[in-house]
Amino acid sequence: MNFTSPRRRFAHAAVAGLALTGLLSACGGSDSGDGTKSSGPVTLPFWGWANGQDAVAKAFNASHKDVKLKYTKVTDQLTMQKQLTNAVKAGNAPCLVQNTAEYVTSWVSQGALADITQYVGSSKDKFNAGAWASAQVQGKSYGVPTSSAPNFTIYRTDIFEKYGIKPPATWDDFIAAGKVLKKHGIKITNYAGEDPSTLEVLAMQAGAHWYAIDGNSWKVDFQDAGTLKAAKVIQEIIDNDLNSKLSFADYAAVQRNYDNGGTATRQISTWQMAGMVQNFTKSFGKWALSPWPTYQGEAAKTPAGTNLTGSVTLVTKQCKDVEQAAEAALWLSTNTGAVKTMASPTTGNGVMPALADSNSYVGEAVSDKLLGKNYQPAQKVVIDSLNTITTDWTFGPDWTAMFTEMQAGWAKVVGKQEKVTDLLAHMQEWTVKDLKSRGISVKG
């Protein structure tokens with residue numbers, strides 16, 4: 001599945017007031033974050049990692065006289081987490097930072113972000129409700145959403161046709177197709193050992209809630225019915241050796257594997273097509289989209305784009321020019337040229353915009369070169385997916401630490417050293433203990 005460069009879009013980031021105390025506070029800093037405008041030209045440091053952002057930053061600078069973006073490209077999201085943490089501690093955080101929704105609560109807890117509600121609140125109706133919520137904590141905006149994440153399956157039509165397989169409509173179908181492909185030396189999916197987002201997205205789709213607010217406390221549950229349903233599917237795929245185990249540490253090797261037909265499907269969003277387009281040489285025109293598999297007997301439901309790409313442009317509390325930074329963040333998400341650049345898998349990273357009406361950008365976000373004759377049908381799959389995305393997933397205040405801990409266990413799961421249920425039991429105990437160690441009230 002490989003949701004690397006971790007991830008999110010339509011999910012609702014909720015947090016209890018009690019949970020925001022006792023964590024790392026922003027050290028030092030060049031400003032109190034009160035939004036006071038500086039006199040004279042303003043330069044806003046902007047950190048991100050998405051393809052196309054440098055071009056968008058240049059376009060912003062060309063169209064603005066008194067405000068300029070100083071863009072710095074970070075290697076990937078995991079590097080971003082480390083660098084931003086260090087910058088906040090050192091008091092030299094950038095004004096703007098690309099991040100993803102599951103980390104918003106954590107950064108608010110750490111006192112790293114500025115409340116920009118007064119500057120962006122009037123623009124709420126320009127965005128779809130789920131994407132808008134992704135940049136909020138307790139009704140306050142700390143950034144502007146940049147993208148949403150329709151999710152679907154992309155599969156090799158030539159391989160499926162050769163072996164008489166239909167696009168899997170359910171996870172049971174998916175496993176059955178995987179068993180057929182296995183007989184011919186082909187894997188149906190790839191589980192990177194460093195990327196437990198596979199477990200997260202299947203649990204989210206199944207109605208799981210790892211974190212929830214219960215009064216003035218957090219409730220933690222890594223063993224609810226939805227999570228166990230997801231665990232069963234994943235375990236069967238692993239037990240039957242239906243998955244490749246290629247790490248994204250060697251990104252080129254992963255892409256070659258798909259291009260050469262070693263793995264036949266991916267559950268992805270639009271942005272991942274960019275990497276395929278940029279790295280494939282053999283299989284152009286042999287791919288098609290189908291809806292994300294459902295659980296047997298259930299209606300279509302897709303996860304909220306976890307770990308997919310930069311979903312929000314956040315404003316840090318240490319920024320000297322919060323108001324200008326908030327206005328720049330709005331421009332990045334609403335300017336027609338900027339949105340079109342980022343939506344394209346060629347000029348950007350193929351993200352679907354967070355705008356309330358983004359259907360007109362679908363053609364930019366999917367690749368004619370990759371899909372060939374399947375290009376037009378693919379657009380309907382993408383549009384339909386936007387209406388099935390979960391909106392009730394909550395991110396905990398220790399998400400970064402939790403996900404790091406889960407990564408170590410996931411590697412053991414992929415390596416068949418432990419079961420998915422073993423990892424879940426560990427994460428339940430570990431997360432409750434971790435929250436308590438931070439002085440956060442928790443049940444679970």
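The values are calculated or read from the model by the stated rules, or taken from the named source; none is laboratory data. Keep in mind it's a predicted model, so treat the numbers as computed, not measured. No Cβ is skipped: glycine too gets one built from the backbone with ideal geometry, and neighbour counts run over all protein chains shown.
Before moving on, here are some points about what is shown:
- Test set (1) surrounded by fewer than 16 Cβ atoms within 10 Å (Cβ to Cβ); (2) in contact with a Phe, Trp or Tyr (Cβ under 9 Å, 6 or more places away or on another chain) - Asn92 fails condition number: (2)
- Any hit, the stretch 282-294, residues being over 30 Å from Met342 (Cβ atoms), crowded, with 23+ Cβ neighbours inside 10 Å and either modelled with pLDDT of 95 or more or basic (Lys, Arg) (or both): no
- For the stretch 173-180, the criterion of being among the acidic types (Asp, Glu), part of a loop (DSSP other than H, G, I, E, B) and assigned by TED's automatic domain parsing to the domain that holds Val414 is met by none of the residues.
- Residues of the stretch 192-244 classified as over 27 Å from Lys436 (Cβ atoms) and under 21 Å from the mean Cα position of the chain (by Cα), total: 10
- If you filter the stretch 212-230 down to residues that are buried (at least 24 other Cβ atoms within 10 Å of the Cβ) and either among the basic types (Lys, Arg) or modelled with pLDDT of 95 or more (or both), you find that the one that is nearest to Ser441 (Cα to Cα) is Val220.
- Qualifying residue in the stretch 188-195 (condition: acidic (Asp, Glu), farther than 25 Å from Asp259 by Cα and not assigned by TED's automatic domain parsing to the domain that holds Thr334): no
- Consider the stretch 355-410 and keep the residues that are hydroxyl-bearing (Ser, Thr, Tyr) and in contact with a strand residue (DSSP E or B) (Cβ under 8 Å, 6 or more places away or on another chain). The one that is nearest to Asn128 (Cα to Cα) is Ser358.
- Test: residue in the stretch 134-152 that is in contact with an Asp or Glu (Cβ under 6 Å, 6 or more places away or on another chain) and either part of a strand (DSSP E or B) or assigned by TED's automatic domain parsing to the domain that holds Val201 (or both): yes
- Of the numbered criteria (1) within 16 Å of Ala55 (Cβ to Cβ); (2) touching a Ser or Thr at 6+ places or on another chain (Cβ under 7 Å); (3) basic (Lys, Arg), the one Lys340 fails is (2).
- Any hit, the stretch 307-322, residues being assigned to a helix (DSSP H, G or I), closer than 23 Å to Val104 by Cβ and not acidic (Asp, Glu): yes
- Counted residues, the stretch 70-127 - those being among the charged types (D, E, K, R) and in contact with a strand residue (DSSP E or B) (Cβ under 8 Å, 6 or more places away or on another chain): 4
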